[in-house]
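Working notes, beginning with the structure itself.
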Amino acid sequence: MEKRALFSGKVLPYALLLPQLAITLIFFYWPASQAVWQSFLMEDAFGLSSEFVGFENYRFLFKQPEYYKAMVTTVVFSSSVAVLSLACALLLATQADKSLRGGHAYKTLLIWPYAVAPAIAGVLWMFMFHPSLGTLARPIRALGLDWNPMLNGKHAMILLVLSATWKQISYNFLFFLAGLQAIPKSVIEAAAIDGSGPVRRFWTIIFPLLSPTTFFLIVVTIVYVFFETFGIIDAITGGGPAGQTTTLVYKVYADGRLGGDLGGSAAQSVILMVIVIALTAIQFRYVERKVQY
Amino acid sequence: MAGVTLDTVRKIYAGNVEAVKGVSLGIEDGSFCVLVGPSGCGKSTLLRMIAGLETISGGTVKIGDRVVNEIEPSDRDIAMVFQNYALYPHMSVYDNMAYGLKNRGTPKDEIEKRVKEAARILAIEPFLTRKPRALSGGQRQRVAMGRAIVRKPQVFLFDEPLSNLDAKLRVQMRVEIKRLQRALGVTSIYVTHDQVEAMTLSDKLVVMSGGQIEQVGTPSEVYRRPETRFVATFIGSPPMNILPGKVEGPGRVSVGGQILTVTDMREGLSPGTAIEVGLRPEDVQAGGSSSSTLVMDVDFVEELGATQLFHGKVAGAEFIVQASTGQIAAGTRKLTLSVDPANVHLFDPQTTKRLGRV
Amino acid sequence: MVESGRYRNLLAYFVLTVGIVIVAFPVYLAILASTFDSATIINGNMPLLPGNQAVENYHRTIFIGSARSTREPVGTMMLNSFIMAMGIAIGKILISVLSAFAVVYFSFPFRKTAFWIIFITLMLPVEVRIYPTYKIVADLGLLDTYTGLVLPLIASATGTLLFRQFFMTIPDELLEASKIDGAGPFRFFKDTLIPLSITTIAALFVIQFIYGWNQYLWPLLITTKDSMQTIVIGIKKMITTQDALTEWQIAMTTAVLAMVPPVLVVVFMQRLFVKGLVETEK
């Protein structure tokens with residue numbers, strides 16, 4: 001796709017591109033290549049010198065049980081949030097799609113959590129479920145359950161999933177609603193004339209037509225859980241208790257900052273980059289398909 | 001004011017696609033020239049090369065005495081009206097018309113004078129402060145014209161300016177464009193695929209096909225004496241009937257065994273040579289008083305109100321006759337048609353060129 | 001539309017209302033907490049109706065700050081967050097509108113290359129390259145500066161892609177008409193492209209403002225002075241000291257203050273927000 005009418009210029013286009021390219025090169029390509037380079041280096045205990053060690057950092061990484069644990073944590077975390085937030089968002093979107101009075105107000109009241117910072121979302125949920133002072137923790141403890149996300153890894157994970165889901169519902173809701181509203185009314189009317197009831201209509205007509213949106217949202221939500229939930233984790237659990245809520249991204253941060261293992265942290269960064277590139281490539285294929293419609 | 005001269009102008013796109021294959025054409029100062037042809041015939045490309053919106057791959061374009069090949073569009077002293085109008089959506093009608101003048105540093109009061117004058121001529125004075133989106137299609141069209149007029153250019157270029165309008169408005173705007181051009185006397189080049197527009201507007205009609213000029217002439221010349229079979233069938237509605245025939249002798253051809261006399265026929269064609277015989281639907285008469293006649297089997301009749309179209313076959317080929325309503329009795333299955341020898345057009349089946357007197 | 005029955009509509013109202021209550025409840029609690037004193041919250045029996053400490057809490061939070069952990073007034077933090085958010089939003093719009101203009105409206109060698117160099121950055125979120133980026137910013141002496149907070153976050157493909165996509169929808173004839181009207185690249189950019197892009201610019205601004213305001217990891221790394229803290233970092237520091245030491249009423253007041261600007265932006269610029277969100281994902 002290109003414009004038919006163009007300007008020609010020898011210097012101007014480069015001048016226009018300069019700010020963006022300069023910043024991109026300095027803050028994207030240089031650090032990214034540094035990450036790759038560092039992942040092949042090992043620093044001595046004082047950080048004074050480093051030597052080239054080939055794939056040693058990677059080998060070491062894959063020998064660590066903690067790394068596998070972080071992988072499992074990441075998978076559990078992201079799949080729980082994806083399933084939960086998509087299901088809730090779809091339910092709300094289908095209801096909001098009905099031509100209800102005050103429909104617009106409902107929409108506004110559901111989308112604003114998008115604007116809340118992940119770390120703040122974490123703080124809100126922490127406060128609500130705080131073992132000693134949380135308004136909702138008390139009834140749980142009254143039921144005889146020893147609810148304590150600060151000591152119990154499962155409880156901590158549940159809290160993370162809930163707060164991450166809470167924040168992501170608004171985004172998924174918005175896209176599902178847009179997807180629903182893009183389905184031609186005549187298709188639904190035809191299905192109604194063909195004698196299928198509302199529930200059947202949803203699963204045989206509407207849901208399949210929404211599948212591109214669903215697929216897109218799954219990818220976006222996974223990317224969101226991978227990276228943006230860093231703030232939630234850091235605010236609620238700090239990766240604990242006992243590393244039970246440390247995800248891959250959190251581990252990059254923790255190993256580099258707290259542990260000072262820059263080589264290992266860099267190797268983890270590189271692996272994450274590969275994952276992101278794979279996810280983006282999948283998403284890009286989806287975009288392409290959408291363009292071809 | 002200035003005329004426009006094209007000398008073997010070519011346009012070759014990437015991949016060696018030749019969109020315009022060496023067109024030479026002279027357009028006299030003050031005349032209205034229409035380029036007509038089917039889509040993809042190169043007419044728009046040619047216009048855009050004159051405007052400077054496409055680079056010229058070969059040949060020269062002259063506006064007045066100046067070769068403009070390498071000159072920027074804004075310096076060619078032309079104005080253009082686009083098919084989709086290309087009005088600046090965020091500017092008022094006034095600013096749309098004034099923009100080109102402002103960019104040229106025209107004094108403010110002069111701009112105002114010219115815009116007001118153009119608005120008066122085009123009857124869009126009440127809309128000067130509106131945005132284009134608040135205008136109807138016809139009004140937008142007038143603004144686009146106004147933007148061209150205020151510049152007082154040497155040449156107006158029109159790229160299918162009426163094709164976004166509904167049928168009724170199109171007729172009305174057509175008349176206005178013609179009137180305006182007469183009044184201003186500015187050389188105009190107008191591209192269209194609509195042959196009615198082409199016939200009614202032009203002083204000089206240029207029929208194009210496949211990147212080349214098929215014929216240049218006044219509308220009546222092109223209609224009366226089409227140089228190729230393409231022109232014959234493209235200009236005129238319904239299109240000219242083409243029948244397979246044979247040369248019988250000087251001034252005589254036969255169609256399915258029926259002999260026709262012909263006024264305009266190339267000399268020296270040997271008897272028996274295959275030939276194509278063109279007859280316009282409106283040029284044949286029902287009734288068999290003439291010496292040259294054809295017999296037609298009628299399939300069905302289309303009513304157009306004042307006239308009727310009889311569809312059927314002559315010598316096995318599709319044939320259409322246009323006649324005033326009531327002239328031919330309803331239910332007629334077989335028609336005898338008399339043909340005026342002056343109205344028979346002959347074409348070479350191979351070259352598709354006219355086989356008229358040289 | 002196939003009409004839904006009355007009871008099905010009731011069901012829809014019910015589901016939506018429950019959804020809204022669940023979504024709003026955590027925030028309601030935070031607002032509540034910002035109206036009580038510390039003791040009421042810590043004893044674990046916070047009432048579900050507002051208390052009377054609101055004025056005291058908000059005044060103290062904004063102008064004095066927490067007595068423990070970070071002692072910076074939250075007003076300062078909000079100013080820092082605001083400067084960072086504005087810097088990111090405006091910076092991103094500026095550099096991406098220029099680069100998109102170059103990529104769409106000029107033909108020059110390396111046009112495709114330039115586009116791809118920008119496009120690939122879509123795949124590299126700051127989280128995967130934090131330490132090397134940190135090192136560069138440190139080497140440039142930009143730690144604890146607004147420039148350091150803003151610059152690394154303004155270059156990304158989203159803005160360029162968004163503008164490119166919008167520019168592609170502008171009819172070619174508009175540029176051609178401008179050329180005939182004697183406008184060069186600068187005039188076309190200033191007189192036509194920018195006025196037409198206003199809603200796109202506004203939509204991108206809304207999205208990027210929220211993005212900037214909510215940044216966490218990056219400011220956490222490169223700000224060491226309390227006076228450079230953003231509000232999102234500040235609140236984290238307030239509750240990091242365990243339990244009894246946390247001044248919950250101040251922390252939750254800060255949380256409310258941290259939510260107000262971006263939420264207001266979403267609610268009052270909903271149309272632009274939705275447009276920005278949907279179009280940056282295309």
Residue ID - farthest from the other protein chains (Cβ to nearest Cβ), chosen from residues in region A:179-196 that are touching a helix residue (DSSP H, G or I) at 6+ places or on another chain (Cβ under 6 Å) and either among the β-branched types (V, I, T) or over 17 Å from A:S211 (Cα atoms) (or both): A:I183
Enumerated strands (runs of 3 or more DSSP E) restricted to region B:314-358, each holding at least 2 residues that are within 27 Å of the chain's Cα centre (by Cα): B:317-324, B:345-347
Residue satisfying condition, being under 28 Å from the mean Cα position of the chain (by Cα) and exposed (fewer than 15 other Cβ atoms within 10 Å of the Cβ), within set B:D109, B:D77, B:D29: B:D29
Of all residues making up region C:152-174, the number that are touching a residue at least 12 places away in the same chain (Cβ under 8 Å), under 20 Å from C:T280 (Cα atoms) and outside any loop (DSSP other than H, G, I, E, B): 15
Leading residue by the ranking (nearest to the chain's Cα centre (by Cα)) among those in region B:64-74 that are in a loop (DSSP other than H, G, I, E, B) and surrounded by fewer than 21 Cβ atoms within 10 Å (Cβ to Cβ): B:G64
Conditions (1) facing chain A (nearest Cβ under 8 Å); (2) in contact with a Gly (Cβ under 6 Å, 6 or more places away or on another chain); (3) at pLDDT below 85: number failed by C:L122: (2)
Qualifying residue in region C:208-218 (condition: of a type in the set (S, T, N, Q), more than 14 Å from chain B (Cβ to nearest Cβ) and not in a helix (DSSP H, G or I)): yes
Test: residue in region B:96-114 that is in contact with a strand residue (DSSP E or B) (Cβ under 8 Å, 6 or more places away or on another chain) and aliphatic (A, V, I, L, M): no
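A quick yes/no check of all residues on (1) more than 12 Å from every other protein chain (Cβ to nearest Cβ); (2) surrounded by 15 or more Cβ atoms within 10 Å (Cβ to Cβ); (3) within 18 Å of A:K251 (Cα to Cα):
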{"site": "A:K3", "(1), (2), (3)": "no, yes, no"}
{"site": "A:I23", "(1), (2), (3)": "no, yes, no"}
{"site": "A:I26", "(1), (2), (3)": "no, yes, no"}
{"site": "A:W37", "(1), (2), (3)": "no, no, no"}
{"site": "A:F60", "(1), (2), (3)": "yes, yes, yes"}
{"site": "A:V81", "(1), (2), (3)": "yes, yes, no"}
Within region C:20-63, tally of residues that are polar (S, T, N, Q), in a helix (DSSP H, G or I) and within 11 Å of chain A (Cβ to nearest Cβ): 2
Residues of region A:87-123 that turn out to be more than 7 Å from chain C (Cβ to nearest Cβ), buried (at least 22 other Cβ atoms within 10 Å of the Cβ) and either at pLDDT below 90 or farther than 30 Å from C:T230 by Cα (or both), as a count: 3
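Condition first: in contact (Cβ under 8 Å) with a residue 40 or more places away in the chain, at positive phi and either more than 13 Å from every other protein chain (Cβ to nearest Cβ) or not in a helix (DSSP H, G or I) (or both). Can you find one or more residues in region C:64-72 that meet it?
Scanning region C:64-72, I find at least one residue that is in contact (Cβ under 8 Å) with a residue 40 or more places away in the chain, at positive phi and either more than 13 Å from every other protein chain (Cβ to nearest Cβ) or not in a helix (DSSP H, G or I) (or both), so the answer is yes.
Could you say whether any residue in region B:49-63 is assigned to a loop (DSSP other than H, G, I, E, B), modelled with pLDDT under 95, among the acidic types (D, E) and under 15 Å from B:V191 (Cβ atoms)?
Yes, region B:49-63 contains at least one residue that is assigned to a loop (DSSP other than H, G, I, E, B), modelled with pLDDT under 95, among the acidic types (D, E) and under 15 Å from B:V191 (Cβ atoms).
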Complete set of residues in region B:76-110 that are in a helix (DSSP H, G or I) and closer than 25 Å to B:R179 by Cβ: B:V93, B:Y94, B:N96, B:M97, B:A98, B:G100, B:L101
Every residue from region A:215-249 that is more than 11 Å from every other protein chain (Cβ to nearest Cβ) and within 19 Å of C:Q215 (Cβ to Cβ): A:V225
Residue in region A:133-141 that is touching a helix residue (DSSP H, G or I) at 6+ places or on another chain (Cβ under 7 Å) and touching a residue at least 24 places away in the same chain (Cβ under 8 Å) present: no
Pairs with Cβ under 9 Å, 6+ apart, first in region C:183-194 and more than 8 Å from every other protein chain (Cβ to nearest Cβ) and over 14 Å from B:K102 (Cα atoms), second β-branched (V, I, T) and not in a helix (DSSP H, G or I): C:L193/C:I170
Some residue of region A:8-19 being in contact (Cβ under 8 Å) with a residue 60 or more places away in the chain, within 14 Å of another protein chain (Cβ to nearest Cβ) and either surrounded by 14 or more Cβ atoms within 10 Å (Cβ to Cβ) or assigned to a helix (DSSP H, G or I) (or both): no
Filter pass, C:T199 being assigned to a helix (DSSP H, G or I), among the polar types (S, T, N, Q), surrounded by fewer than 21 Cβ atoms within 10 Å (Cβ to Cβ) and within 14 Å of chain B (Cβ to nearest Cβ): yes
Helices (runs of 4 or more DSSP H) contained in region A:145-255 and holding at least 1 residues within 30 Å of A:Q268 (Cβ to Cβ), in contact (Cβ under 8 Å) with a residue 24 or more places away in the chain and hydroxyl-bearing (S, T, Y): A:153-182, A:211-223, A:248-253
Residue, farthest from the other protein chains (Cβ to nearest Cβ), within region C:135-157, restricted to residues that are closer than 10 Å to C:I222 by Cα and surrounded by 20 or more Cβ atoms within 10 Å (Cβ to Cβ): C:L149
Residue identified as in contact with a Ser or Thr (Cβ under 7 Å, 6 or more places away or on another chain), modelled with pLDDT under 90, surrounded by fewer than 17 Cβ atoms within 10 Å (Cβ to Cβ) and not acidic (D, E) among A:S186, A:S196: A:S196
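The values are calculated or read from the model by the stated rules, or taken from the named source; none is laboratory data. Here the structure is a predicted model, which is why all the values come from computation and not from measurement. We place every Cβ from the backbone using ideal geometry, glycine too, and count neighbours over all the protein chains shown.
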